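Scroll down for the structure; my scribbles are underneath it.
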Amino acid sequence: FSNQYTEEEAKKLGVVGWVKNTSQGTVTGQVQGPEDKVNAMKSWLSKVGSPSSRIDRTSFSNEKEISKLDFSGFSTRY
């Protein structure tokens, strides 16, 4: 999974947070922003992803309204 594409999509949509590849071959992360933009990012992660990725399943959890963003941009964690 190429996180470069995920970062570009997040910046294009205007959401903030982070993404990380796990040792199990999955991707984990956190996305914050206006609900419609977060939903657009969730849709992209579920259906599109990076060109070389294969998406078998997506799971979104711990969704809640927040009063302020915890991140100033979107980054890849290692």
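The values are calculated or read from the model by the stated rules, or taken from the named source; none is laboratory data. The structure displayed is predicted, hence computed values, not measured ones. Every residue, glycine as well, gets a Cβ built from its backbone with ideal geometry; the counts of neighbours run over all protein chains shown. Protein only, heavy atoms only, side chains kept; ligands, DNA and RNA dropped before computing areas. Shrake-Rupley method; radii C 1.70, N 1.55, O 1.52, S 1.80 Å.
In whole percent, and with a 1.4 Å probe on the protein chains, what portion of the accessible area of the chain is carbon and sulfur?
The value for the chain is 46 percent carbon and sulfur by accessible area.
What does the accessible area of residue 76 come to, in Å² to the nearest 10, when a probe of 1.4 Å is used?
Roll a 1.4 Å probe over it and residue 76 shows about 30 Å².
Once label points are set 7 Å from the Cα along Cα→Cβ at both residue 58 and residue 71, what is their separation, rounded to one decimal in nm?
1.5 nm
Please give me, ordered by residue number, the trypsin sites (Lys or Arg not before Pro) of region 16-78 that lie in loop per DSSP and have at most 16 other Cβ atoms within 10 Å. Provide the component values of the computation, followed by the final result.
Details: sites: 20, 37, 42, 47, 54, 57, 64, 68, 77; in loops: 54, 57, 64, 68, 77.
Answer in residue order: 54, 57, 64, 68, 77.
Heavy-atom accessible area per residue, region 1-73, 1.4 Å probe: how many Å²?
It amounts to 72 Å² per residue over region 1-73.
Could you work out how far helix 35-47 tilts from the main Cα principal axis of the chain, as a 0 to 90 degree angle to the nearest 10?
Helix 35-47 and the main axis of the chain meet at about 0 degrees.
Angle, helix 3-13 long axis vs. longest principal axis of the chain, Cα atoms, 0 to 90°, nearest 10?
Orientation of helix 3-13: about 30 degrees from the principal axis.
Can you tell me how region 1-73 classifies by the Cα gyration tensor, rounded, prolate or oblate, using a/c under 1.5 as the rounded cut?
Prolate, because a/c is 1.5 or more and a/b exceeds b/c.
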